[in-house]
Amino acid sequence: MTATPPWGVYVHVPWCRVRCPYCAFVVEPVGADPPPDTQGYTDAVLRQWSALVPLFPGRPATVAFGGGTPSLHPPDQLARWIQELAPSPGAEITLEANPEDVTPAWLDAILAAGVTRLSLGVQTLQLAPARLLARAHSARDARRVLALVARAGFQSWSFDLIFAVPGQTRGELDADLDAVGTSGVPHISLYGLAAEPGTPYTRALAAGRLRAPTSEAWREAYDHARSRLRGLGLDQYEVSNHARPGHRSRHNEHYWKLRPWAGLGVAAHGRLPDGRRTVGPQSLAAFRADPLAWEEWTLPSVLERAEELLLSCMRHVEGLDLSRLDALGYRLPEAAIAPLVADGLATLEGRRFALSASGLPLTDALIVHLATALEAHPG
């Protein structure tokens, strides 16, 4: 029997002060009256966990709290989750936070709760892009928070940067990248602003109130940011993620290497050790009513699992061990791989197939090309 690889737990925390105009996640805007029922949500998540834990061997190697805004969840209830999830010794426990929630007392509380890694939703430190993105923190506040987190004592920490914001100048992007160097942050997640269906940002583009950067401008900004980050000692290890040695996101690597993870909370996605996919109830009301009423609990077809391998692993610089496709009865023909290697877009070393630095910006298109080329083989 094949041993189960390391696995993690993702907990979706839906609270947000306001919904960002580009956000398509399931979130719950919170006001002063009535306050969110965080205790009831904590209990419901643990009900889900009690149903899933018998399906996972051993203990989780990572735990990640995402959202939404997990920094709006009370630290004592975060501590309860961590205790009940019982991660293995030395586990990475990541919490996403917005800068406006970070104070010295709050940092002490979440460290005491067991959080080892903080991921900050900074997005930008520049005034004009921050207004368009509806960020609740000022540039001054964000810089203050970066300094607090840098000396708080986490094993690692990260912050997000968004580029390709309408009207964003090269100078504004460079100023954000300068802050990376000044802060000493060991991990950066770099995202191009995407037009997700149904969001205010997408409607503004459709109405002509905003104009998205051209594909050429997007690629130029992406390559420039990658180069700057590499010069600052943060190497790219996934399409959007850059880290100093020893500071990769161990939890997110479960996704990019298609390992199992338990998905807990409203609309949270998971992947069981036997390959089944789970999705939690899609609304907060449905989740509160019955957290075990899964929206999806299905075993993908063999072809779908082969496509999942491409979609996940080809985003990571380590790529895909082609023997994993072999085990499913599928292969990539040489005619699909050889041109990419010849053009410098990919590498093939033994059975390890990966996109190169030149190929990573074209990941989505290249995955479609590879998925279309998949062939069944008898063994």
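Which of (1) within 28 Å of residue 64 (Cβ to Cβ); (2) out of contact with any helix residue (DSSP H, G or I) (no Cβ under 7 Å at 6 or more places or on another chain); (3) of a type in the set (Gly, Ala, Ser) is the odd one out, the single condition residue 371 does not satisfy?
Residue 371 satisfies every listed condition except (2).
Taking the criterion of being assigned to a loop (DSSP other than H, G, I, E, B) and more than 27 Å from the chain's Cα centre (by Cα), would at least one residue in region 312-329 satisfy it?
For region 312-329, residues assigned to a loop (DSSP other than H, G, I, E, B) and more than 27 Å from the chain's Cα centre (by Cα): present.
When you check residue 210 against the structure, is it assigned to a helix (DSSP H, G or I), buried (at least 16 other Cβ atoms within 10 Å of the Cβ) and of a type in the set (A, V, I, L, M, F, W, C), yes or no?
no
Inspect all residues belonging to region 160-173 and state whether any of them is of a type outside the set (Lys, Arg) and touching a His at 6+ places or on another chain (Cβ under 8 Å).
Yes; the residues of region 160-173 include at least one that is of a type outside the set (Lys, Arg) and touching a His at 6+ places or on another chain (Cβ under 8 Å).
Filter region 258-285 for residues that are surrounded by 18 or more Cβ atoms within 10 Å (Cβ to Cβ), touching a residue at least 60 places away in the same chain (Cβ under 8 Å) and either over 15 Å from residue 10 (Cα atoms) or among the basic types (Lys, Arg) (or both) and give the result.
Passing the criteria: 259, 284.
Tell me which residues, restricted to region 169-191, are more than 13 Å from residue 146 (Cα to Cα) and in contact with a strand residue (DSSP E or B) (Cβ under 6 Å, 6 or more places away or on another chain).
173, 189, 190, 191 - these are the residues of region 169-191 that are more than 13 Å from residue 146 (Cα to Cα) and in contact with a strand residue (DSSP E or B) (Cβ under 6 Å, 6 or more places away or on another chain).
Somewhere in region 229-249, is a residue buried (at least 19 other Cβ atoms within 10 Å of the Cβ), basic (Lys, Arg) and not in a strand (DSSP E or B)?
Within region 229-249, one or more residues are buried (at least 19 other Cβ atoms within 10 Å of the Cβ), basic (Lys, Arg) and not in a strand (DSSP E or B).
Looking at (1) in contact with a Cys (Cβ under 8 Å, 6 or more places away or on another chain); (2) at pLDDT 95 or above, can you tell me which one residue 196 breaks?
(2)
Right, residue 341: crowded, with 17+ Cβ neighbours inside 10 Å, in contact with a strand residue (DSSP E or B) (Cβ under 9 Å, 6 or more places away or on another chain) and either at pLDDT 95 or above or among the aromatic types (Phe, Trp, Tyr) (or both) or not?
Spelling it out, it is not the case that residue 341 is crowded, with 17+ Cβ neighbours inside 10 Å, in contact with a strand residue (DSSP E or B) (Cβ under 9 Å, 6 or more places away or on another chain) and either at pLDDT 95 or above or among the aromatic types (Phe, Trp, Tyr) (or both).
In this structure, does residue 288 turn out to be in contact with an Asp or Glu (Cβ under 9 Å, 6 or more places away or on another chain), among the basic types (Lys, Arg) and either free of Cβ contacts under 8 Å to residues at least 12 places away in the same chain or assigned by TED's automatic domain parsing to the domain that holds residue 374 (or both)?
When the stated conditions are applied, residue 288 does not pass them.
Which numbered condition in (1) acidic (Asp, Glu); (2) touching a residue at least 60 places away in the same chain (Cβ under 8 Å); (3) buried (at least 19 other Cβ atoms within 10 Å of the Cβ) is the only one that residue 196 fails?
(3)
What are the residue pairs meeting all of these: first residue in region 74-97, first residue within 14 Å of residue 50 (Cα to Cα), second residue surrounded by 22 or more Cβ atoms within 10 Å (Cβ to Cβ) and not hydrophobic (A, V, I, L, M, F, W, C), Cβ atoms under 9 Å, and 6 or more apart or on different chains?
Hits for this filter: 81/73; 85/60; 86/60.
Can you say whether residue 300 is surrounded by 14 or more Cβ atoms within 10 Å (Cβ to Cβ) and in contact with a Phe, Trp or Tyr (Cβ under 9 Å, 6 or more places away or on another chain), as far as the supplied structure shows?
Here the answer is no, as residue 300 does not meet what is asked.
Matching residues to (1) surrounded by fewer than 23 Cβ atoms within 10 Å (Cβ to Cβ); (2) touching a helix residue (DSSP H, G or I) at 6+ places or on another chain (Cβ under 8 Å):
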| position | (1), (2) |
| --- | --- |
| 43 | yes, no |
| 50 | yes, no |
| 57 | yes, no |
| 67 | no, no |
| 77 | yes, yes |
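Within region 1-28, which residues are modelled with pLDDT under 75 and either under 30 Å from residue 89 (Cα atoms) or out of contact with any Gly (no Cβ under 6 Å at 6 or more places or on another chain) (or both)?
Answer for region 1-28, where residues must be modelled with pLDDT under 75 and either under 30 Å from residue 89 (Cα atoms) or out of contact with any Gly (no Cβ under 6 Å at 6 or more places or on another chain) (or both): 1, 2, 3, 18, 19, 20, 21, 22, 23, 24, 25, 26.
Quick one: residue 344 ticks every box in (1) more than 26 Å from residue 64 (Cα to Cα); (2) in a loop (DSSP other than H, G, I, E, B); (3) touching a residue at least 40 places away in the same chain (Cβ under 8 Å) except a single one, so which number is it?
Checking residue 344 against (1) more than 26 Å from residue 64 (Cα to Cα); (2) in a loop (DSSP other than H, G, I, E, B); (3) touching a residue at least 40 places away in the same chain (Cβ under 8 Å), the one that fails is (3).
Touching a helix residue (DSSP H, G or I) at 6+ places or on another chain (Cβ under 6 Å), outside the structural domain of residue 223 (by TED's automatic domain parsing), surrounded by fewer than 14 Cβ atoms within 10 Å (Cβ to Cβ) and not small (Gly, Ala, Ser): is that true of residue 351 in this structure?
yes
The values are calculated or read from the model by the stated rules, or taken from the named source; none is laboratory data. The shown structure was predicted, so the numbers you read here are calculated from the model rather than taken from an experiment. Glycine also receives a Cβ, built like all others from the backbone with ideal geometry; neighbour counts cover every protein chain displayed.
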